[in-house]
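S.K.: If you scroll down you'll find the structure; I have some questions about it.
The values are calculated or read from the model by the stated rules, or taken from the named source; none is laboratory data. A quick note: this is a predicted structure, and the numbers were derived from the prediction, not measured. Cβ atoms come from the backbone with ideal geometry, glycine included; neighbour counts cover every protein chain shown.
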(Lines give C-alpha, C1' and ligand atoms only; values in the text may rest on other atoms or scores of the structure.)
Protein backbone atom coordinates (compact mmCIF):
# COMPACT_ATOMS: atom_id res chain seq x y z
CA UNK A 1 0.00 0.00 0.00
CA UNK A 2 1.24 3.50 -0.90
CA UNK A 3 4.46 2.06 -2.35
CA UNK A 4 5.66 0.40 0.84
CA UNK A 5 6.25 -2.84 -1.08
CA UNK A 6 9.41 -1.20 -2.40
CA UNK A 7 10.70 -0.56 1.10
CA UNK A 8 9.69 -4.06 2.20
CA UNK A 9 11.62 -5.66 -0.65
CA UNK A 10 14.65 -3.49 0.10
CA UNK A 11 14.60 -4.38 3.81
CA UNK A 12 14.06 -8.09 3.21
CA UNK A 13 16.97 -8.09 0.82
CA UNK A 14 19.19 -6.44 3.42
CA UNK A 15 18.01 -8.94 6.04
CA UNK A 16 19.19 -11.86 3.90
CA UNK A 17 22.65 -10.27 3.71
CA UNK A 18 22.70 -9.69 7.49
CA UNK A 19 21.94 -13.39 7.94
CA UNK A 20 24.90 -14.30 5.69
CA UNK A 21 22.64 -15.81 3.05
CA UNK A 22 23.78 -15.74 -0.58
CA UNK A 23 23.63 -12.39 -2.37
CA UNK A 24 21.29 -14.01 -4.88
CA UNK A 25 18.64 -14.17 -2.11
CA UNK A 26 18.85 -10.41 -1.61
CA UNK A 27 18.63 -9.77 -5.34
CA UNK A 28 15.62 -12.05 -5.54
CA UNK A 29 13.74 -9.93 -2.98
CA UNK A 30 14.74 -6.79 -4.85
CA UNK A 31 13.40 -8.33 -8.04
CA UNK A 32 10.09 -9.34 -6.41
CA UNK A 33 9.61 -5.77 -5.16
CA UNK A 34 10.68 -4.41 -8.58
CA UNK A 35 13.22 -2.04 -7.05
CA UNK A 36 14.64 -1.39 -10.50
CA UNK A 37 11.46 0.52 -11.35
CA UNK A 38 10.93 2.53 -8.18
CA UNK A 39 12.36 5.85 -9.39
CA UNK A 40 10.63 5.44 -12.74
CA UNK A 41 7.31 5.09 -10.91
CA UNK A 42 8.00 8.04 -8.61
CA UNK A 43 9.12 10.33 -11.42
CA UNK A 44 6.04 9.52 -13.49
CA UNK A 45 3.71 10.71 -10.73
CA UNK A 46 5.57 13.73 -9.36
CA UNK A 47 3.79 16.96 -10.33
CA UNK A 48 1.76 15.03 -12.89
CA UNK A 49 -0.83 17.82 -13.06
CA UNK A 50 -0.31 20.01 -9.96
CA UNK A 51 2.85 21.78 -8.75
CA UNK A 52 4.46 20.46 -5.55
CA UNK A 53 2.18 17.42 -5.45
CA UNK A 54 2.72 13.69 -5.89
CA UNK A 55 -0.07 12.07 -7.87
CA UNK A 56 -3.12 13.57 -9.52
CA UNK A 57 -4.79 16.61 -8.01
CA UNK A 58 -6.24 18.65 -10.83
CA UNK A 59 -9.75 19.94 -10.26
CA UNK A 60 -12.52 18.93 -10.75
CA UNK A 61 -11.67 15.27 -11.18
CA UNK A 62 -9.45 14.58 -8.19
CA UNK A 63 -9.45 15.05 -4.45
CA UNK A 64 -6.13 16.09 -2.91
CA UNK A 65 -5.70 14.09 0.26
CA UNK A 66 -3.96 11.39 2.21
CA UNK A 67 -3.20 9.20 -0.81
CA UNK A 68 -1.07 12.00 -2.31
CA UNK A 69 1.09 12.38 0.78
CA UNK A 70 1.39 8.86 2.23
CA UNK A 71 4.04 7.98 -0.37
CA UNK A 72 6.43 10.27 1.50
CA UNK A 73 6.85 7.42 3.99
CA UNK A 74 8.94 5.56 1.41
CA UNK A 75 12.66 5.87 2.06
CA UNK A 76 13.19 6.28 -1.72
CA UNK A 77 10.90 9.33 -1.92
CA UNK A 78 13.21 12.33 -2.57
CA UNK A 79 13.74 14.63 0.41
CA UNK A 80 13.27 17.77 -1.65
CA UNK A 81 9.85 16.59 -2.84
CA UNK A 82 8.75 15.96 0.73
CA UNK A 83 9.95 19.44 1.70
CA UNK A 84 8.14 21.24 -1.11
CA UNK A 85 4.98 19.12 -0.70
CA UNK A 86 4.97 19.75 3.02
CA UNK A 87 5.46 23.49 2.67
CA UNK A 88 2.70 23.81 0.06
CA UNK A 89 0.00 21.48 1.39
CA UNK A 90 0.70 20.43 5.01
CA UNK A 91 2.06 23.55 6.69
CA UNK A 92 0.62 26.59 8.47
CA UNK A 93 0.98 28.67 5.32
CA UNK A 94 -2.41 30.38 5.53
CA UNK A 95 -3.63 28.94 2.23
CA UNK A 96 -7.32 27.99 2.19
CA UNK A 97 -6.56 24.66 0.48
CA UNK A 98 -3.86 23.57 2.97
CA UNK A 99 -4.63 20.41 4.94
CA UNK A 100 -3.37 22.30 8.01
CA UNK A 101 -6.80 23.64 8.95
CA UNK A 102 -8.37 24.27 12.36
CA UNK A 103 -7.85 20.57 13.20
CA UNK A 104 -4.63 19.54 11.48
CA UNK A 105 -4.19 17.59 9.39
CA UNK A 106 -7.41 17.21 7.42
CA UNK A 107 -7.88 13.95 5.52
CA UNK A 108 -8.29 15.95 2.32
CA UNK A 109 -7.89 19.52 1.15
CA UNK A 110 -10.80 21.77 2.25
CA UNK A 111 -11.12 22.86 -1.38
CA UNK A 112 -12.52 19.38 -2.14
CA UNK A 113 -14.87 18.85 0.80
CA UNK A 114 -17.95 19.61 -1.28
CA UNK A 115 -17.12 16.54 -3.39
CA UNK A 116 -17.21 14.16 -0.39
CA UNK A 117 -20.69 12.82 0.52
CA UNK A 118 -19.73 11.30 3.91
CA UNK A 119 -18.31 14.09 6.04
CA UNK A 120 -17.85 12.03 9.21
CA UNK A 121 -14.16 11.42 8.49
CA UNK A 122 -12.80 14.81 7.45
CA UNK A 123 -10.11 14.43 10.14
CA UNK A 124 -8.87 10.99 11.16
CA UNK A 125 -5.96 9.62 13.20
CA UNK A 126 -4.77 7.05 10.68
CA UNK A 127 -4.45 9.53 7.79
CA UNK A 128 -2.43 11.80 10.08
CA UNK A 129 -0.08 8.91 10.84
CA UNK A 130 0.52 8.30 7.14
CA UNK A 131 1.18 11.95 6.34
CA UNK A 132 3.15 13.09 9.40
CA UNK A 133 5.36 9.98 9.42
CA UNK A 134 6.56 10.79 5.91
CA UNK A 135 7.54 14.29 6.98
CA UNK A 136 9.69 12.90 9.80
CA UNK A 137 11.22 10.24 7.53
CA UNK A 138 12.56 12.99 5.26
CA UNK A 139 13.51 15.42 8.04
CA UNK A 140 10.80 17.97 7.31
CA UNK A 141 10.77 18.32 11.05
CA UNK A 142 9.32 21.77 11.73
CA UNK A 143 6.22 21.06 9.64
CA UNK A 144 5.94 17.57 11.15
CA UNK A 145 6.12 18.95 14.71
CA UNK A 146 3.55 21.66 13.97
CA UNK A 147 1.18 19.11 12.47
CA UNK A 148 1.61 16.52 15.24
CA UNK A 149 1.28 18.96 18.16
CA UNK A 150 -1.57 20.81 16.47
CA UNK A 151 -3.36 17.51 15.93
CA UNK A 152 -2.90 16.37 19.53
CA UNK A 153 -4.13 19.70 20.93
CA UNK A 154 -7.27 19.86 18.77
CA UNK A 155 -8.18 16.38 17.55
CA UNK A 156 -7.39 14.65 20.84
CA UNK A 157 -8.88 17.14 23.29
CA UNK A 158 -12.56 17.67 24.18
CA UNK A 159 -14.37 18.88 27.31
CA UNK A 160 -10.97 19.70 28.81
CA UNK A 161 -9.82 16.06 28.77
CA UNK A 162 -7.86 13.87 26.32
CA UNK A 163 -9.96 11.71 23.97
CA UNK A 164 -9.22 9.55 20.95
CA UNK A 165 -12.07 9.85 18.42
CA UNK A 166 -12.55 7.54 15.48
CA UNK A 167 -13.01 10.63 13.32
CA UNK A 168 -14.12 14.25 13.30
CA UNK A 169 -16.70 15.76 10.99
CA UNK A 170 -16.26 18.82 8.80
CA UNK A 171 -17.70 20.98 11.61
CA UNK A 172 -15.11 19.59 14.04
CA UNK A 173 -17.50 17.47 16.10
CA UNK A 174 -16.25 14.05 17.21
CA UNK A 175 -17.57 10.94 15.45
CA UNK A 176 -17.70 7.26 16.45
CA UNK A 177 -15.79 5.57 19.25
CA UNK A 178 -14.18 8.24 21.44
CA UNK A 179 -11.29 5.96 22.48
CA UNK A 180 -10.45 4.39 19.14
CA UNK A 181 -7.20 2.43 18.81
CA UNK A 182 -6.72 4.02 15.39
CA UNK A 183 -5.06 6.78 17.43
CA UNK A 184 -2.25 4.49 18.63
CA UNK A 185 -0.07 5.39 15.66
CA UNK A 186 0.55 8.83 17.15
CA UNK A 187 2.51 7.16 19.95
CA UNK A 188 4.89 5.90 17.26
CA UNK A 189 5.12 9.42 15.80
CA UNK A 190 6.24 10.71 19.19
CA UNK A 191 8.74 7.89 19.81
CA UNK A 192 10.27 7.63 16.34
CA UNK A 193 9.59 11.18 15.11
CA UNK A 194 9.78 13.73 17.90
CA UNK A 195 12.15 11.67 20.06
CA UNK A 196 13.94 10.01 17.15
CA UNK A 197 14.60 6.86 19.16
CA UNK A 198 15.74 3.58 17.64
CA UNK A 199 18.07 0.74 18.60
CA UNK A 200 19.57 -2.50 17.34
CA UNK A 201 20.58 -5.28 19.72
CA UNK A 202 22.25 -7.00 16.75
CA UNK A 203 24.55 -4.02 16.05
CA UNK A 204 24.70 -3.02 19.72
CA UNK A 205 23.65 0.51 18.77
CA UNK A 206 21.28 3.03 20.31
CA UNK A 207 20.30 6.11 18.28
CA UNK A 208 18.77 9.33 19.56
CA UNK A 209 17.93 11.76 16.71
CA UNK A 210 15.66 14.21 18.49
CA UNK A 211 13.40 16.77 16.87
CA UNK A 212 12.29 18.45 20.10
CA UNK A 213 9.63 21.08 19.27
CA UNK A 214 10.71 24.68 19.84
CA UNK A 215 7.78 25.08 22.26
CA UNK A 216 9.27 22.55 24.68
CA UNK A 217 12.02 23.22 27.21
CA UNK A 218 12.84 19.54 27.69
CA UNK A 219 11.89 16.03 26.62
CA UNK A 220 12.57 12.86 28.64
CA UNK A 221 12.24 9.16 27.78
CA UNK A 222 12.76 5.77 29.41
CA UNK A 223 13.27 3.09 26.75
CA UNK A 224 12.90 -0.62 27.68
CA UNK A 225 15.42 -2.96 26.08
CA UNK A 226 14.86 -6.71 25.76
CA UNK A 227 17.20 -9.17 24.06
CA UNK A 228 17.71 -12.93 24.05
CA UNK A 229 20.90 -12.68 26.13
CA UNK A 230 19.27 -10.58 28.86
CA UNK A 231 17.84 -11.96 32.10
CA UNK A 232 15.79 -8.83 32.79
CA UNK A 233 14.68 -5.66 31.03
CA UNK A 234 17.30 -2.92 30.74
CA UNK A 235 16.27 0.75 30.57
CA UNK A 236 17.90 3.56 28.64
CA UNK A 237 17.11 7.01 30.03
CA UNK A 238 17.37 10.02 27.72
CA UNK A 239 16.75 13.70 28.31
CA UNK A 240 16.98 16.62 25.89
CA UNK A 241 17.02 20.15 27.31
CA UNK A 242 16.45 23.10 24.99
CA UNK A 243 17.27 26.71 25.88
CA UNK A 244 17.01 29.81 23.71
CA UNK A 245 18.56 33.18 24.50
CA UNK A 246 18.75 36.06 22.01
CA UNK A 247 17.85 33.68 19.16
CA UNK A 248 20.71 31.34 20.09
CA UNK A 249 19.49 27.79 20.78
CA UNK A 250 21.43 25.46 23.06
CA UNK A 251 20.69 21.77 23.47
CA UNK A 252 21.91 19.40 26.13
CA UNK A 253 21.43 15.70 25.41
CA UNK A 254 21.91 13.10 28.13
CA UNK A 255 21.79 9.33 27.66
CA UNK A 256 22.11 6.98 30.63
CA UNK A 257 22.89 3.53 29.29
CA UNK A 258 24.53 0.37 30.59
CA UNK A 259 23.78 -1.97 27.68
CA UNK A 260 24.75 -0.49 24.30
CA UNK A 261 28.39 -0.07 23.30
CA UNK A 262 27.52 2.43 20.56
CA UNK A 263 25.37 5.49 21.25
CA UNK A 264 24.66 7.76 18.27
CA UNK A 265 23.39 11.30 18.89
CA UNK A 266 22.00 13.18 15.93
CA UNK A 267 20.25 16.32 17.24
CA UNK A 268 17.98 18.36 15.02
CA UNK A 269 19.67 21.69 14.30
CA UNK A 270 16.31 23.36 13.56
CA UNK A 271 17.69 24.22 10.12
CA UNK A 272 20.27 26.50 11.73
CA UNK A 273 24.06 26.37 11.66
CA UNK A 274 25.69 24.35 14.43
CA UNK A 275 28.53 26.39 15.92
CA UNK A 276 29.68 24.02 18.66
CA UNK A 277 29.63 20.32 19.35
CA UNK A 278 31.02 18.44 22.33
CA UNK A 279 32.09 14.81 22.27
CA UNK A 280 32.95 12.42 25.08
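S.K.: State the number of residues belonging to region 157-172 that are surrounded by fewer than 18 Cβ atoms within 10 Å (Cβ to Cβ) and closer than 20 Å to residue 98 by Cα.
M.R.: Residues in region 157-172 being surrounded by fewer than 18 Cβ atoms within 10 Å (Cβ to Cβ) and closer than 20 Å to residue 98 by Cα: 4 in total.
S.K.: While we're here: Going by the conditions given, is residue 84 over 14 Å from the mean Cα position of the chain (by Cα), over 29 Å from residue 176 (Cβ atoms), without any contact (Cβ under 8 Å) to a residue 60 or more places away in the chain and surrounded by 15 or more Cβ atoms within 10 Å (Cβ to Cβ)?
M.R.: Numbers: over 14 Å from the mean Cα position of the chain (by Cα): yes; over 29 Å from residue 176 (Cβ atoms): yes; without any contact (Cβ under 8 Å) to a residue 60 or more places away in the chain: yes; surrounded by 15 or more Cβ atoms within 10 Å (Cβ to Cβ): yes.
For residue 84, the condition - over 14 Å from the mean Cα position of the chain (by Cα), over 29 Å from residue 176 (Cβ atoms), without any contact (Cβ under 8 Å) to a residue 60 or more places away in the chain and surrounded by 15 or more Cβ atoms within 10 Å (Cβ to Cβ) - is met.
S.K.: Scan region 200-218 for residues that are more than 24 Å from residue 244 (Cα to Cα) and at pLDDT 95 or above and report the count.
M.R.: Going through region 200-218 one residue at a time, the tally reaches 3.
S.K.: Only one of these conditions is not met by residue 269: (1) loosely packed, with under 11 Cβ neighbours inside 10 Å; (2) without any contact (Cβ under 8 Å) to a residue 12 or more places away in the chain. Which number is it?
M.R.: So residue 269 meets the others, but not (1).
S.K.: Checking the structure you have, find out if any residue of region 141-155 is more than 28 Å from residue 266 (Cα to Cα) and surrounded by fewer than 23 Cβ atoms within 10 Å (Cβ to Cβ).
M.R.: Taking region 141-155 first, the residues more than 28 Å from residue 266 (Cα to Cα) are 154-155.
Subsequent filtering for residues that are surrounded by fewer than 23 Cβ atoms within 10 Å (Cβ to Cβ) retains 154.
The answer is yes, given that some residue of region 141-155 is more than 28 Å from residue 266 (Cα to Cα) and surrounded by fewer than 23 Cβ atoms within 10 Å (Cβ to Cβ).
Yes/no per residue for (1) touching a helix residue (DSSP H, G or I) at 6+ places or on another chain (Cβ under 7 Å); (2) over 16 Å from residue 144 (Cβ atoms); (3) modelled with pLDDT of 95 or more:
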site	(1), (2), (3)
72	yes, no, yes
76	yes, yes, no
84	no, no, yes
88	no, no, yes
94	no, yes, no
116	no, yes, no
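S.K.: Is it the case that some residue within region 232-240 is farther than 20 Å from residue 143 by Cα, out of contact with any strand residue (DSSP E or B) (no Cβ under 7 Å at 6 or more places or on another chain) and modelled with pLDDT under 95?
M.R.: Looking for residues that are farther than 20 Å from residue 143 by Cα, out of contact with any strand residue (DSSP E or B) (no Cβ under 7 Å at 6 or more places or on another chain) and modelled with pLDDT under 95, one finds at least one in region 232-240, hence yes.
S.K.: So, restricting to strands (runs of 3 or more DSSP E) that lie completely within region 142-251, which ones have at least 2 residues that are touching a helix residue (DSSP H, G or I) at 6+ places or on another chain (Cβ under 9 Å) and touching a residue at least 12 places away in the same chain (Cβ under 8 Å)?
M.R.: Numbers: elements: 197-200, 205-208, 218-225, 234-245.
Because the criterion is at least 2 residues that are touching a helix residue (DSSP H, G or I) at 6+ places or on another chain (Cβ under 9 Å) and touching a residue at least 12 places away in the same chain (Cβ under 8 Å), the strands (runs of 3 or more DSSP E) in region 142-251 that meet it are 218-225.
S.K.: I would also like to ask the following. May I ask you to say which residue of 67, 98 is surrounded by fewer than 23 Cβ atoms within 10 Å (Cβ to Cβ) and part of a loop (DSSP other than H, G, I, E, B)? Give the derivation first.
M.R.: Details: 67 fails: part of a loop (DSSP other than H, G, I, E, B).
The unique qualifying residue is 98.
S.K.: Looking for whichever is touching a residue at least 40 places away in the same chain (Cβ under 8 Å) and part of a helix (DSSP H, G or I) here; the options are 89, 113. Which one fits?
M.R.: Values: 89 fails: touching a residue at least 40 places away in the same chain (Cβ under 8 Å).
When all the criteria are applied, what remains is 113.
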